[in-house]
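The values are calculated or read from the model by the stated rules, or taken from the named source; none is laboratory data. All figures in this text were calculated on a predicted structure; none of them were measured in a lab. Neighbour counts run over all protein chains shown; Cβ positions are idealised from the backbone, glycine included. All accessible areas refer to the heavy atoms of the entire protein, side chains included, with ligands and DNA or RNA removed. Shrake-Rupley method; radii C 1.70, N 1.55, O 1.52, S 1.80 Å.
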Amino acid sequence: MSRIPFVAGNWKMNTAKAGAIELAKAVAKGATDGVQIGIAPPFVYLDAVAQAIAGSKLLLGAQDAYFEKSGAFTGEISVEMLKDIGVTFVLAGHSERRHVLGENSALVAKKAQAIYAGGLTVVHCVGEKIEQRDSGQTFDVVQRQLEELTPAMQDPSRVVIAYEPVWAIGTGRNATDGQAQEVHAYIRKSIAARWNKDFADRVRIQYGGSMKPENAGGLLAQPDIDGGLIGGASLKADGFLAIAAAAR
Ligand code: PEP
C-alpha cells in the first residue's frame with residue numbers, strides 16, 4: 001500500500017506577520033508532487049498566509065479549533081471559520097495543548113470529531129511522557145488517545161495520526177528509528193482492529209519530536225512512518241523542505 005507522505009510544519013506561537021508571509025512563500029516555492037507539505041501558522045496570520053501561498057501546492061493548516069460551530073465562546077475559533085479562509089488540516093491533541101494548556105481527553109475528542117465532521121483533515125497527536133515510557137505504558141497511553149477518534153471517521157485521507165513522544169518535542173532528543181517504528185506499527189495495528197485493515201493501510205502516521213534534516217532520512221525510511229509533524233525545524237524554509245524531500 002503506497003501512502004502519499006505528509007510533512008507538516010507547526011509554527012506554534014512564533015513569527016511576526018512579515019516573517020510569516022516570507023517563510024510561507026519560501027516553503028510554497030518548494031512544494032511539489034510526491035509529498036504533501038503543509039504549514040500551520042499562528043491563527044492571526046492564517047489569512048495573510050493563505051493569500052501569500054494562493055495557487056501553490058502548499059497546504060494551509062491550523063494549530064487548533066473549537067468544537068462548537070459558533071456562539072458565545074470568547075477567544076475560540078471554529079472549524080467553519082478556518083474553512084472560510086482556506087485551511088484544510090487542523091491539529092488536535094498536540095502535547096502542548098494537552099499538557100501545557102490542560103486539554104483533557106474528552107475535549108480533544110470533541111475537537112478531533114468536529115474537525116473531521118466539518119470536512120477538514122484532522123492531524124491527531126498522540127504520545128507518551130517520559131515517565132510513562134519508562135514504566136512501560138507507551139502503548140496503553142497511545143491506545144487511549146487513539147480512542148478519541150471514532151470509526152465513524154471513514155475517509156482515510158482525512159485522518160492523520162502524529163505520533164509525538166512528549167519527551168522528544170522541542171528537546172533535541174528524537175526517538176530512534178526503531179523506537180518510532182515500533183509505536184507506529186502498534187498504531188496501525190490498533191487502527192486495523194478498530195476500523196479495518198484497508199483503512200489502516202491508507203491512514204498516514206507522522207512522526208514528530210525533534211525531527212530535523214539530519215535525522216529525517218532514517219525515520220522516514222521506516223515502513224510505518226509516512227511523514228512528519230515538525231516544530232522548530234519548520235521555521236526555516238531550507239531545513240523544512242529538506243525534511244520534505246527526504247519523505248518523497
Ligand atoms: C511539534 O511541535 O509538534 C514538534 C514535533 O516540535 P519539534 O519538532 O520542535 O520537536
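Checked against the criterion of being buried (at least 20 other Cβ atoms within 10 Å of the Cβ), outside any loop (DSSP other than H, G, I, E, B) and more than 16 Å from the ligand (Cβ to nearest atom), the candidates ILE205, ILE191 yield just one match: ILE191.
If you go through the stretch 79-88 one residue at a time, do you hit one that is modelled with pLDDT of 95 or more and farther than 16 Å from THR121 by Cα?
No: zero hits.
Within the stretch 66-102, the residues that satisfy the criterion of being surrounded by fewer than 12 Cβ atoms within 10 Å (Cβ to Cβ) and within 16 Å of the ligand (Cβ to nearest atom) are VAL100, LEU101.
Restricting attention to the stretch 1-26, which residues are surrounded by 18 or more Cβ atoms within 10 Å (Cβ to Cβ) and within 19 Å of ILE85 (Cα to Cα)?
Within the stretch 1-26, the first condition is being surrounded by 18 or more Cβ atoms within 10 Å (Cβ to Cβ), and the residues that meet it are 5-11, 15, 20-21, 23-24.
Answer for the stretch 1-26, where residues must be surrounded by 18 or more Cβ atoms within 10 Å (Cβ to Cβ) and within 19 Å of ILE85 (Cα to Cα): ALA8, GLY9, ASN10, TRP11, ALA20, ILE21, LEU23, ALA24.
Flag not set for LEU107, criterion: away from the ligand (no atom under 16 Å from the Cβ) and buried (at least 22 other Cβ atoms within 10 Å of the Cβ).
Of GLN145, GLN63, GLN36, GLN51, all but one fail to be farther than 25 Å from ALA247 by Cβ and open to solvent by 10 Å² or more (accessible area, probe 1.4 Å); the exception is GLN51. Look at (1) within 15 Å of the ligand (Cβ to nearest atom); (2) at pLDDT 95 or above and you find that ARG173 fails only one, number (2). In the stretch 161-172 there is at least one residue that is among the charged types (D, E, K, R), open to solvent by less than 30 Å² (accessible area, probe 1.4 Å) and over 20 Å from ALA117 (Cβ atoms).
Selection of the stretch 113-126 for residues being crowded, with 17+ Cβ neighbours inside 10 Å and either at pLDDT below 95 or over 12 Å from the mean Cα position of the chain (by Cα) (or both) yields GLN113, ALA114, ILE115, TYR116, GLY118, LEU120.
Considering the stretch 219-248, and only residues there that are open to solvent by 30 Å² or more (accessible area, probe 1.4 Å), closer than 18 Å to ALA175 by Cβ and of a type outside the set (A, V, I, L, M), the residue that is farthest from the ligand (Cβ to nearest atom) turns out to be PRO223. Considered as a group, the residues in the stretch 151-169 that are within 12 Å of VAL203 (Cα to Cα) and part of a helix (DSSP H, G or I) include one that is nearest to the ligand (Cβ to nearest atom), and that residue is ARG158.
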